Amino acid sequence: MTADVGKSLGTLPPILSISHPFPTVDVPDHAHYTIGIVILVVGITGMLGNFLVIYAFCRSRSLRTPANMFIINLAVTDLLMCVTQTPIFFTTSMHKRWIFGEKGCELYAFCGALFGICSMITLMAIAVDRYVVITRPLASLGVMSRRRALCILAGAWAYSMGWSLPPFFGWSAYVPEGLLTSCSWDYMTFTPSVRSYTMLLFTFVFFIPLFIIIFCYSCIFRAIRHTTRAVCKINGVGARDSIKRMHKMKGEWKMAKIALIVIMLYVISWAPYSCVALTAFAGYADMLTPYMNSVPAVIAKASAIHNPIIYAITHPKYRAAIGRYVPYLAFLLCVPPRDRFTSSSFQSTRRSTVTSQSSDRPNKARLSSQSDSESGGFSDTEADPSMRLPVSHQYSSDSKQVRHSSQRSKVRIRDSGVFERAAVHSPTDPSICHLSLISVSTAMD
């Protein structure tokens, strides 16, 4: 380990005390203290913010969907990143050198690599999930269940573990970096082992996931634009269905935009650190100063606070859940009182109404529940509070549906036959498919 440290420090400024197994760099003391205070603020913010995200998403029933399990996992990785990195980094910055020994350095760097890689893979999974839901809405019905989401997340953790363990077995190494108050994998040493690990790590952990994310959102942009143009051209029978589909897609797009902001901030945070590592990989490590190594590392660790901040600003249901379960934060998040107090009571009433109606239509209810779960639990009205109808209006709509249920039951098999014959001539027309589904369900009643 000491030999690896010596090799990795070959391009650093003069060392103050070479007798210490982990020496310090000849920089002013205030540089260490400044970095320590910054990392402490980032760590405390990340711990509190990500804990609130986990608490809100797990406590609110409307947020506990298979798609949101990826968001919870992202918050878990960010929380663990802050818990394992902040106290140690702050303490070593106050001592101006690494004080936790060789095994402590390896464990610290391993945790940083594991949680950082898992965050990137989780962001890629979120992008792929939004891509499937928006561009292939029918094919995505019933695809994403809790069990499948857990399997995907287990795969993400296993993949991250596979790339974090090799330095323990001689493929590269975990050594101090920057001002020698934190540890990471060795990207400074110009040897075949170190260079091969750095090259493959960036390829399979950064560039390939980033390419997949860019591809997914490019397809999402095209799907939104294509659907908007199609709705503008449609007139007649299928217009109503297409408008409903457009509203639903807009709700999904709002959730996708939130995920896109989180992804972009994560990539921007890790971009300086990537540039430093790739500069050393290219053989120009002598151009890098301790500050150029340490500051990008702090910026990369600050990516753990982006997730809760973005959701607190842009996610209406998260804000409502925080206002409901943590009332002291409702004022800071500017949550309207109606979202804090009327949402839960209305949802419980609405849920009982839907449950009683779905007992007569099990097949139809199962199909609608699959559609809701695949949309990530956010419809267009849920995503945009301004589109929410008053509670009294929704109650009146429910009473009208109950009052006219007897009239709908008068639909005969004769009408079903008409729609079936129409579907033969135009099986792909969304309006015909929608009407045939209604006729079949009323005939079953």
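Derivation of every value follows stated rules applied to the coordinates shown; laboratory data play no part. Since we're looking at a predicted model, the values are computed, not measured.
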Can you give me the Cα centroid spacing of the range 26-55 and the range 263-311 in angstrom?
15
Sequence gap of 8 or more, or different chains, plus Cα separation below 25 Å: how many lysine pairs satisfy both in the range 2-329?
17
For residue 208 and residue 325 in one chain, what is 0.36 nm times their gap in residues minus the Cα-Cα distance, to one decimal in nm?
38.2 nm
From phi via Karplus (6.51, -1.76, 1.60), per-residue ³J(HN,Hα) for the range 313-325 in Hz, x at Gly/Pro:
8, 10, 9, x, 6, 5, 4, 5, 5, 5, x, 7, 9
For the range 2-329, I need the span (max minus min coordinate) of the C-alpha atoms along each principal axis, in Å, sorted largest to smallest.
83, 47, 32
Quick one: which residues, 5 or more positions from residue 24 or on another chain, have an amide H under 5 Å from its amide H? H modelled 1.01 Å from N in the peptide plane, none for Pro or chain starts.
16, 17
